[in-house]
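Heads up: the structure comes next, in structure tokens.
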Amino acid sequence: MKKILLASLVSAVFAVPAVAADKADVVVIGAGGAGLSAAVTAHDLGKKVIVLEKMAYVGGNTNRAAGGLNAAESKPQKKLGIVDYKEIHFNDTMKGGKYLNNPELVHTLTDNAAASVDFINSLGGDLNDVGMMAGASKKRSHRPTGGDFVGANVVKTLNQAAKDRKIDLRTMAKAESLLVKDGKVVGVKYVKGGKTYEVMAPAVVMAAGGFSANQDMVVKLNPKLKGFATTNHPGATGDGIVLGEKAGAGLVDMKQIQTHPTVVPGNGEMITEAVRGNGAILVNKDGKRFINELQTRDVVSAAELAQKDKVGFLLFDNDVRKSLKAIETYIKKGLVTEGKDLNELAAKLKIDSKQLQATVDQYSKDQKAGKDSQFGRADMPRPLTQAPYYAVMVTPAVHHTMGGLRINSQAQVLDTKGNVIPGLFAAGEVTGGVHGANRLGGNAMADIVTFGRIAGRNASENPTGVIIPRGESPAVTEQKAVKAM
């Protein structure tokens, strides 16, 4: 595996002698949702924090997150009368990951996700609407009021919190290596403006994201994905995984790479899973449904690839449109085909109108009866009877890399033997073990905020030692450290 990762490195940066050195209590690599959550948490514990971001902007892939943040037993759920339990969220996550997930990491995620919702809302965010996502048995996907995009709201909230706290955030600052002394991580060497700098700190939080935008790395791990587009931003190239591995970190689940089933062919624009969660169906070029639309992403992707031209149409009516603010963005971007009725829509899509009408009629009948006679879809919130009708052509694209640095439930990075690497923490998509073989929609946002907060807290309170279990806190309730499998 080490050969695979080293061979996938993008262009090497030739360092010049360091021209400056800073000191901090915590250095965070990556200014996405995980990194910003860690930075704000560490700052609020009284620590001097420096954040390094290689891109010119903050947010990373979190900017593109559309669906929501999964959490059970949350305040918004209770306010809306939604009955859900953390154990159900745990079971859904393990099942979705095909039980390849590390159970202790999953418990940490599901036990603390509701506190992550509180954290974002306490900073002025809006995670007060709750919807359904594929693979979930309850409505637990928290998003802005009206069903708008979750990522932009969370990034705006965290970035403003960082600005309010005057956290030292440096963009266009690419981490080049972790500084290690006597087996402990003691800082970071980075490049900015062609010059090399060092930041010394007793704790480093790696939050540099995954590698979905690194086609070479993806294909080396899964040749079947050659030529696939990606939903990720161009900075998702796996740099943090390589840096961690060079510092002795172990890796886990590297071959587990997820495709998202509803991506517009040719431009990589992802259509949020919430469209299906709010009632849309998938039909093929023959105008027929071919899958339970709320199956996990890997199952729906595989079903789409089996259709003619490896595409499907995401079909919904005006009732679904009105239920989800995010849809308006897709319409403004020209991604949606509209028909005043199903006949007009079928003509525009070049689909047999009688077959499409029959498909929608059957679905509407099943929705009214409360039982999907074709594919067993359990949640059918709308009958799709309100014209006009809309459709978006979709196909799978590389979306999430479930593998990465091996961590324990305290967000400490573990070496190849399962021992803690003192001073090194990690959170978000740069890590592995949380999602197993398949990530559920909404769990990435829960992952980045929850483990980002845990990493920020532990990097602040005990950067080089063994984390001692203690009572429940707002940041984390699962305190038991575990040696990763």
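The values are calculated or read from the model by the stated rules, or taken from the named source; none is laboratory data. Predicted, not measured: the structure shown is a model, and the values here were computed from it. Note: ideal-geometry Cβ built from the backbone for every residue, glycine included; neighbour counts use all protein chains shown.
Would you say Lys325 is at pLDDT below 95, in contact with a Pro (Cβ under 8 Å, 6 or more places away or on another chain), surrounded by fewer than 20 Cβ atoms within 10 Å (Cβ to Cβ) and not hydroxyl-bearing (Ser, Thr, Tyr)? Against the criterion (at pLDDT below 95, in contact with a Pro (Cβ under 8 Å, 6 or more places away or on another chain), surrounded by fewer than 20 Cβ atoms within 10 Å (Cβ to Cβ) and not hydroxyl-bearing (Ser, Thr, Tyr)), Lys325 qualifies.
What about Ile291, is it under 30 Å from Ala426 (Cβ atoms), modelled with pLDDT of 95 or more and among the β-branched types (Val, Ile, Thr)? Answer is no for this residue.
The single residue among Ala387, Ala378 that is surrounded by fewer than 20 Cβ atoms within 10 Å (Cβ to Cβ) and either closer than 30 Å to Ala207 by Cα or touching a Lys or Arg at 6+ places or on another chain (Cβ under 7 Å) (or both) turns out to be Ala387. Taking into account only those residues within the range 88-120 that are out of contact with any helix residue (DSSP H, G or I) (no Cβ under 8 Å at 6 or more places or on another chain) and surrounded by fewer than 22 Cβ atoms within 10 Å (Cβ to Cβ), which is nearest to Ser409 (Cα to Cα)? Once the filter is applied, the top-ranked residue is Glu104. The residues of the range 129-161 that are of a type in the set (Ser, Thr, Tyr) and within 22 Å of Thr93 (Cα to Cα), listed by number, are Ser137, Ser141. Against the test of being within 30 Å of Glu328 (Cα to Cα) and at pLDDT 95 or above, the options Ala247, Ala203, Ala274, Ala280 yield a single qualifying residue, Ala280. Scanning the range 217-258 for residues that are polar (S, T, N, Q) and in contact with an Asp or Glu (Cβ under 7 Å, 6 or more places away or on another chain) gives a single hit, Gln258.
Cβ-Cβ distances below 7 Å connect no pair with a first residue in the range 203-216 that is farther than 16 Å from Lys189 by Cβ, a second residue that is at pLDDT 95 or above and among the basic types (Lys, Arg), and a separation of six or more residues or different chains. For Ala236, state whether it is farther than 18 Å from Val398 by Cα and modelled with pLDDT of 95 or more. So Ala236 does not fit the description; no.
The residues of the range 151-167 that are touching a residue at least 40 places away in the same chain (Cβ under 8 Å) and among the β-branched types (Val, Ile, Thr), listed by number, are Val154, Val155, Ile167.
Return the total of residues in the range 447-479 being in a loop (DSSP other than H, G, I, E, B) and modelled with pLDDT of 95 or more. Selection size over the range 447-479: 0. If the condition is being in a helix (DSSP H, G or I), over 20 Å from the mean Cα position of the chain (by Cα) and among the hydrophobic types (A, V, I, L, M, F, W, C), then the range 33-55 contributes only Ala42. Of all the listed residues (Gly96, Gly146, Gly151), the sole one being among the small types (Gly, Ala, Ser), out of contact with any Phe, Trp or Tyr (no Cβ under 7 Å at 6 or more places or on another chain) and on the phi > 0 side of the Ramachandran plot is Gly146. Residue pairs whose Cβ atoms lie under 6 Å apart, sitting 6 or more positions apart in sequence or on different chains, and linking a residue in the range 321-338 that is in contact (Cβ under 8 Å) with a residue 60 or more places away in the chain to a partner that is assigned to a loop (DSSP other than H, G, I, E, B) and surrounded by fewer than 15 Cβ atoms within 10 Å (Cβ to Cβ), are Lys325/Gly146. When Asp317 is tested against (1) surrounded by 20 or more Cβ atoms within 10 Å (Cβ to Cβ); (2) free of Cβ contacts under 8 Å to residues at least 24 places away in the same chain; (3) acidic (Asp, Glu), exactly one condition is not met: (2). Exactly one residue out of Ala391, Ala378, Ala369 is free of Cβ contacts under 8 Å to residues at least 12 places away in the same chain and either outside the structural domain of Ala39 (by TED's automatic domain parsing) or hydroxyl-bearing (Ser, Thr, Tyr) (or both), and it is Ala369. Restricting the range 132-168 to residues that are within 30 Å of Asp298 (Cβ to Cβ) and surrounded by fewer than 16 Cβ atoms within 10 Å (Cβ to Cβ), the residue that is modelled with the highest pLDDT is Ser137.
Could you check, for the range 347-358, whether at least one of its residues is assigned by TED's automatic domain parsing to the domain that holds Asp286, farther than 12 Å from Ala391 by Cα and under 32 Å from the mean Cα position of the chain (by Cα)? Scanning the range 347-358 turns up no residue that is assigned by TED's automatic domain parsing to the domain that holds Asp286, farther than 12 Å from Ala391 by Cα and under 32 Å from the mean Cα position of the chain (by Cα). Just name the residue that is farthest from the chain's Cα centre (by Cα) out of those in the range 211-233 that are crowded, with 19+ Cβ neighbours inside 10 Å and of a type in the set (S, T, N, Q). Ranking the candidates gives Asn214 first. In the set Ala207, Ala236, Ala274, Ala280, only one residue is crowded, with 24+ Cβ neighbours inside 10 Å and closer than 25 Å to Asp22 by Cβ; that residue is Ala207.
Total residues in the range 295-322 satisfying the condition of being within 19 Å of Thr231 (Cβ to Cβ) and not aromatic (Phe, Trp, Tyr): the figure is 15.
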